[in-house]
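Colleague: Have a look at this one.
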Amino acid sequence: MQIRREIELQADLASVWHALTDSDELSDWLGDPVELEMCPGGNGTIVDDEGMVRHARIRDVDPERRLSLRWWPEDGAVSEVTFELCPTEGGTRLVVTETPLGPVSAQASVAKAAYWEARLDTLWLRVSAAALVR
Amino acid sequence: MFGALADPTRRHVVERLVAGGPETATALARDLPISRQAVVKHLQSLSDAGLVDAAREGREVKYAIRPEPFSDAIEWMMRAGAQWDRRLERLSHVLGQKVRDVGGTSEER
């Protein structure tokens, strides 16, 4: 199961990279506020527009190419988020993916959480994704 | 309960039912290196786990996926997807603003 979004941005690599890695700029679009130590292993917190607080840890920083981090809400599952950049004629293509690393529970209901705590593997989640696009 | 999905044959059956809609055990068995009886047994386990429903259609029994157990994953995907759409729209806006601020032009999207 994975969320994937691709967007063409009318800005050069350096500007997009700055927007992805500078806490002030991140606070303009990713959440508000965003505080991230931008180095592998660096920690941070992100408050999103729904008021949800996520803790984050940076995984990889490959300047102007790739950034990956893991984040998790206070009582929720960990997801891995990656940003990949590629220069295009008019600017920069950005590909974002978010992949939950464990079972997700949309609502934190005890019954549902218990249901999902059972072992589910990737295939089963992939099946769910297939159900979504039917 | 989720032991029902630990078995690769059962996962295959679930995948088939998700992708292709309701099927009979006979049709499912055609794709698998096991007997129809063995497929029926797997379907019974899936049905016991609440993942599959059996419905009689004339002389046939068709098996179908029950969507409820899948709904948490789908709900997560829809919500996380919508959040990324909003974030990327803001990012695009912020970068567009910056381009204009330094005197650049931005083409019509």
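The values are calculated or read from the model by the stated rules, or taken from the named source; none is laboratory data. What you see is a predicted model; the values in this text were computed from it and never measured. Every residue, glycine among them, receives a Cβ derived from its backbone with ideal geometry; neighbour counts consider all protein chains shown. For the accessible areas, the whole protein counts, side chains as well, though only heavy atoms, and no ligand, DNA or RNA atoms are used. Shrake-Rupley method; radii C 1.70, N 1.55, O 1.52, S 1.80 Å.
Colleague: Could we say that residue B:64 is in contact with a Phe, Trp or Tyr (Cβ under 8 Å, 6 or more places away or on another chain) and more than 16 Å from residue B:5 (Cβ to Cβ) here?
Modeller: no
Colleague: Can you name the number of the only condition in (1) more than 8 Å from every other protein chain (Cβ to nearest Cβ); (2) open to solvent by less than 50 Å² (accessible area, probe 1.4 Å) that residue B:31 fails?
Modeller: It fails just one condition, (2).
Colleague: Here's another thing I want to ask about it. Out of all the residues in the stretch B:48-101, which are of a type in the set (Lys, Arg), assigned to a helix (DSSP H, G or I), at pLDDT below 90 and surrounded by fewer than 17 Cβ atoms within 10 Å (Cβ to Cβ)?
Modeller: Of everything in the stretch B:48-101, those that are of a type in the set (Lys, Arg), assigned to a helix (DSSP H, G or I), at pLDDT below 90 and surrounded by fewer than 17 Cβ atoms within 10 Å (Cβ to Cβ) turn out to be B:79, B:100.
Colleague: Any residue in the stretch A:69-91 that's at negative phi: show its pairings with residues that are open to solvent by 70 Å² or more (accessible area, probe 1.4 Å) and among the small types (Gly, Ala, Ser) at Cβ separation under 8 Å, as long as the two are six or more apart or on different chains.
Modeller: Sorted first by the residue in the stretch A:69-91, then by its partner, the pairs are A:75/A:108; A:76/A:108.
Each row is one residue, and each column tells you yes or no for (1) surrounded by fewer than 18 Cβ atoms within 10 Å (Cβ to Cβ); (2) in contact with a helix residue (DSSP H, G or I) (Cβ under 6 Å, 6 or more places away or on another chain); (3) small (Gly, Ala, Ser).
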{"residue": "A:5", "(1), (2), (3)": "yes, yes, no"}
{"residue": "A:9", "(1), (2), (3)": "no, yes, no"}
{"residue": "A:16", "(1), (2), (3)": "no, no, no"}
{"residue": "A:32", "(1), (2), (3)": "yes, no, no"}
{"residue": "A:38", "(1), (2), (3)": "yes, yes, no"}
{"residue": "A:42", "(1), (2), (3)": "yes, no, yes"}
{"residue": "A:54", "(1), (2), (3)": "no, no, no"}
{"residue": "A:63", "(1), (2), (3)": "yes, no, no"}
{"residue": "A:101", "(1), (2), (3)": "yes, no, no"}
